[in-house]
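Since the structure comes first, as structure tokens, the remarks are kept for the end.
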There are 2 protein chains.
Amino acid sequence: MARPQTDIEAGRQELLDICEQLVRQRGGVDLSMTELAAAAGMSPANLYRFFENKEALMEAAAGRWFAPKIAIMEEVVAADLPSREKMFQFFVRRFVRMRDEFHEDPDMFKSYLELGNEHFEVVKGYVDLGDHYLSELVVQAMDEGYLPDLSIDDAVSLINQMVVTYCNPEALIYLDHKLSEEKLGMIIDAIFIGLGRKFDAKPSSGKPHIKIVT
Amino acid sequence: MARPQTDIEAGRQELLDICEQLVRQRGGVDLSMTELAAAAGMSPANLYRFFENKEALMEAAAGRWFAPKIAIMEEVVAADLPSREKMFQFFVRRFVRMRDEFHEDPDMFKSYLELGNEHFEVVKGYVDLGDHYLSELVVQAMDEGYLPDLSIDDAVSLINQMVVTYCNPEALIYLDHKLSEEKLGMIIDAIFIGLGRKFDAKPSSGKPHIKIVT
């Protein structure tokens, strides 16, 4: 008897659509279950049949926002590509998608950020999942001879720090015009060429390099 | 007759002290001239003798916050050091100072961030000054053979993106435990070893590197 479960699921999806419209109209701050119930033309008691509390609603809304990003990460991690290319795809595809969402509806994008800031514990799970996939890419990169002399955790942390403006949706609002796929590619290259290597290694430009010790 | 000017300047410094106490007590949001005048035990009309409007007050408060950071930048840029060491000092000394301020009084630090977000045009001047000094370091680095095939503007933009978590005071609030002088040093090394270089350059680890083309 899957029917009732399916009805609940369909109802949840419809309510998430309404929730999205509501966020679009009035922003994401302090959205209440009562408000959503009113917008859906149902009683609060009825709404609680679909989402047992606001956290469950927020989790479902975040799940919908993150689903395509998780799909990208899974696809890239499973791909048969060298680690540098995977690392680039891992970040650039999510960045481009996020930027599209931002350009399509900047206010909606900001409202979702507000929602995310208010319910960071929901976002946290997805951030951790991203770190998990990134650590798989780091292991492959290390197998291919990159990121020497680093622990996996340190490599994940350093890479996250170096590409943060391409991952943090907030950065799009302030830095959009300074962000590009090309620059992200150059950062990834610098990570693969230089991260974890001793600086006194001769730069590979062919130009003479005189190290001045003071 | 420098006397009146000096008195005005002394009065401004005293009022900035009071302003700082006020921010410490009640946060930085929507601080008004009336409130500051009351805290200083003077009439608003009198306060306007020292600061002609709130922007002038905010500019002076920001000036005080940024002064030691500007001193660091000027000292580092003028130093007789190789570019890699300068670049590291340029970022690490300001980072350590900012982190000390944060640890000493986290609430005060957050209040100043609020103030800065409310008056971003005041902050903008200092950000631009930082870019100006950074571009001097970039030119020196290029002279020494680093950052090949990049324009100065692109190099400045890329470096800012790669070290943003060590410059943006906001990052301290969320990432403090993940930030360290050592990691910043590794990022700077990766910039000097790898940024602007072609990825197909052989990594300098000495390990064999097999490039898998798919």
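Using only atoms on other chains, find how many Cβ atoms lie within 10 Å of each Cβ of peptide B:162-170 and report the average.
Per residue, the average neighbour count from other chains is 4.
Report relative contact order for chain A in percent, whole number only (criteria: Cα-Cα under 8 Å, sequence separation at least 6).
21 percent
Which chain A residue hugs the A-B rotation axis most tightly by its Cβ, and what is that distance in angstrom, to the nearest whole number?
Per the Cβ-to-axis criterion, the result reads A:G194, 1.
Could you give the accessible area per residue of segment A:54-194, probe 1.4 Å, as a whole number in Å²?
Dividing the accessible area of segment A:54-194 by its residue count gives 41 Å².
Students often get this wrong, so check it: of B:K54/B:K110; A:K183/B:K178; A:K110/B:K178, which have C-alpha atoms separated by over 22 Å?
The answer is A:K183/B:K178; A:K110/B:K178.
Which one of A:V96, A:G130, A:S151 has its Cα pushed farthest toward the positive end of the charge dipole of segment A:54-194, where Lys and Arg give +1 and Asp and Glu give -1 at the Cβ?
Of the options given, the answer is A:V96.
Calculate, for segment B:1-52, the solvent-accessible area per residue in square angstrom, rolling a 1.4 angstrom probe over the heavy atoms of the protein chains.
The answer is 63 Å² per residue.
Give, in nm to one decimal, the length gained when the segment between A:E118 and A:M33 is fully stretched (0.36 nm per residue of separation minus the Cα-Cα distance).
Extending this stretch completely gives an extra 29.1 nm.
Measuring nothing but label to label, 7 Å from Cα along Cα→Cβ, what are A:G125's distances to the other copies in nm, shortest first?
The answer, with the shortest distance listed first, is 4.8 nm.
One-quarter of the Cα convex hull surface for the protein assembly as shown, in nm²?
Reported value for the Cα convex hull: 27.7 nm².
Between A:A79 and A:I8, what length in nm is gained on full extension when 0.36 nm per residue of separation is reduced by their alpha carbon distance?
Separation in residues times 0.36 nm, less the Cα-Cα distance, equals 22.0 nm.
Can you list, shortest first in nanometers, how far A:E55 lies from the same residue in the other copies, with each label 7 Å from Cα toward Cβ?
4.7
Taking the Cα atoms of segment B:1-52, what is the range of coordinates along each of the three principal axes, in descending order and whole Å?
Computed over segment B:1-52, the largest-to-smallest principal extents equal 39, 19, 17 Å.
7 Å along Cα→Cβ for the label point: how many nanometres lie between A:P148 and each equivalent label in the other copies, listed shortest first?
2.0
Which number do you get for Rg(Cα) / (2.2 N^0.38 Å) in chain A?
Cα Rg divided by the expected 2.2 N^0.38 Å: 1.29.
Using a 1.4 Å probe on protein heavy atoms only, how many Å² of accessible area do B and A hide from each other, summed over both chains and rounded to 100?
Summing both chains' loss of accessible area gives about 3500 Å².
Just flag the trypsin sites (Lys or Arg not before Pro) in segment B:134-203 sitting in loop per DSSP whose Cβ has no more than 13 other Cβ atoms within 10 Å.
Listed in order of number, the matching sites are B:K198.
State the percentage of accessible surface on segment B:140-185 attributable to carbon and sulfur atoms; use a 1.4 Å probe and exclude ligands, DNA and RNA.
49 percent
The values are calculated or read from the model by the stated rules, or taken from the named source; none is laboratory data. Since this is a predicted model, take the numbers as computed values, not measurements. Because the Cβ atoms are built from the backbone with ideal geometry, glycine has one as well, and the counts that use them run over all protein chains shown. Heavy atoms of the whole protein, side chains included, go into the accessibility calculation; ligands, DNA and RNA do not. Shrake-Rupley method; radii C 1.70, N 1.55, O 1.52, S 1.80 Å.
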